[in-house]
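All remarks here apply to the structure that follows.
The values are calculated or read from the model by the stated rules, or taken from the named source; none is laboratory data. Quick caveat, the model's predicted, so the values are computed rather than measured. Cβ coordinates were reconstructed from backbone atoms using ideal geometry, including for glycine residues, and neighbour counts include every protein chain displayed.
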Amino acid sequence: MGREGNGMSIKPCRYCSAESVYYRHYSGEYLCSRCFTRSVQRKVARTISRYSMIKHGDRVAVAVSGGKDSLSLLHILSKGARRHGNELVAVTIDEGITGYRDESLKIAREFASMLGVEHAILSYRELFGSTLEEALKARDEKAISMSACSICGTFRRKAIDSIAKAVGADVIATAHNLDDMLQTFIINISAGDVERIAWMYPEPVEYANGLRKVKPLLEVYEHEVAFYALINDIPFQSEQCPYMNEGIRSSIREFLNALEQRHPGIKYNMLRTILKVSKVLRDNLEFKRYRCSVCSRECSTASGICSSCMLTIMLANSSINSNSSNSSGSSNSNGSSRNDNDSHSNNSNSNNKDQW
């Protein structure tokens, strides 16, 4: 997707005639690094405006792991935040993975500082009473059939919600890109999970506590996010998590990449269809929502216990001790914690005239 080689002439940038560094197969554009960067930033800005993701004056918690996607998102949002009256705070979750997380925490902290963005960290130990490694030990002791990624993802979602509340955010921005969206859709279809497909529609639903969740990179290809990080000298952790075991997701990624190579632009077409389907489902189906009896967070199971509290209970009396009744968590920021309920309301389109 980058420059052509093997003796072939390099065409100039379509927009400014400078030397091109990137060829965009799905549009036929040759782009210099400056115009490529601007094109990605404009695309993200259009996505934010189209789906009313961020309002003027919002305080945005950007979930930053230290990888290329999240740091690129932080970089992009930092370019427009002041112009739109937004405050950014980078939030990072420390799972407590020995020999892995320390590097990404350092990268995230230093990059946020370079951009002049506030940075807050919340650890699994602070919120749940144990690290991921200790939770996995408890899983093995109890012979619980659940992958490390499933356990980590369940805890991570609650941790991000908790730290976002603690820093007083209005919005949580995550760095899910176009490829992530397609892979997740296929996984949800395979599992027959209609509700999750409905909630893939990107226009945010506002919770009772005012918190919204958005995905500004959803229309950007994964490889374009990587190239954006490369040409903008964004440092990121390249080492994969030692517990990473994607299973079916990696197979789906390979299939979609092969399809895109043969039919440039097909991923965009698929995304447009997914968004249409998810909107129809969200607008026309009624999904029952419940309140977790342990931490008061919203959950979708009739058992009345959210997935993170259920997991904590399953792992209890071993190496994990739960603090999940205090769902607001703690952080190293100056924001105050709030224990608001996460019930949905349908007022996400109110007061949104000042968009990106």
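Consider region 168-180 and keep the residues that are surrounded by fewer than 23 Cβ atoms within 10 Å (Cβ to Cβ) and more than 14 Å from the chain's Cα centre (by Cα). The one that is farthest from F227 (Cα to Cα) is G168. Here is the figure for region 44-60: residues that are surrounded by fewer than 19 Cβ atoms within 10 Å (Cβ to Cβ) and at negative phi total 5.
Has region 181-203 got any residue that is within 11 Å of the chain's Cα centre (by Cα) and crowded, with 21+ Cβ neighbours inside 10 Å? Within region 181-203, one or more residues are within 11 Å of the chain's Cα centre (by Cα) and crowded, with 21+ Cβ neighbours inside 10 Å. You will find that of I93, I76, I48, the residue that is in contact with a helix residue (DSSP H, G or I) (Cβ under 6 Å, 6 or more places away or on another chain) and assigned to a helix (DSSP H, G or I) is I76 and no other. Just checking, does region 249-268 include any residue being surrounded by fewer than 13 Cβ atoms within 10 Å (Cβ to Cβ), under 19 Å from the mean Cα position of the chain (by Cα) and not β-branched (V, I, T)? Within region 249-268, one or more residues are surrounded by fewer than 13 Cβ atoms within 10 Å (Cβ to Cβ), under 19 Å from the mean Cα position of the chain (by Cα) and not β-branched (V, I, T). Residues in region 237-248 that are exposed (fewer than 15 other Cβ atoms within 10 Å of the Cβ) and not acidic (D, E) were compared, and the one that is nearest to R109 (Cα to Cα) is S238. Of all residues in region 132-159, those being buried (at least 21 other Cβ atoms within 10 Å of the Cβ) and either part of a loop (DSSP other than H, G, I, E, B) or within 16 Å of the chain's Cα centre (by Cα) (or both) number 4.
So S104 fits all but one of (1) of a type in the set (S, T, Y); (2) modelled with pLDDT of 90 or more; (3) more than 19 Å from D161 (Cβ to Cβ); (4) assigned to a loop (DSSP other than H, G, I, E, B); what number is the exception? Looking at each condition in turn, S104 falls short on (4). Out of the residues in region 294-317 meeting the condition of being loosely packed, with under 15 Cβ neighbours inside 10 Å and closer than 24 Å to R125 by Cβ, tell me which one is modelled with the lowest pLDDT. Filtering first and then ranking leaves N317.
Among the residues of this structure, S325 counts as one that is at pLDDT below 90 and either part of a loop (DSSP other than H, G, I, E, B) or not aliphatic (A, V, I, L, M) (or both).
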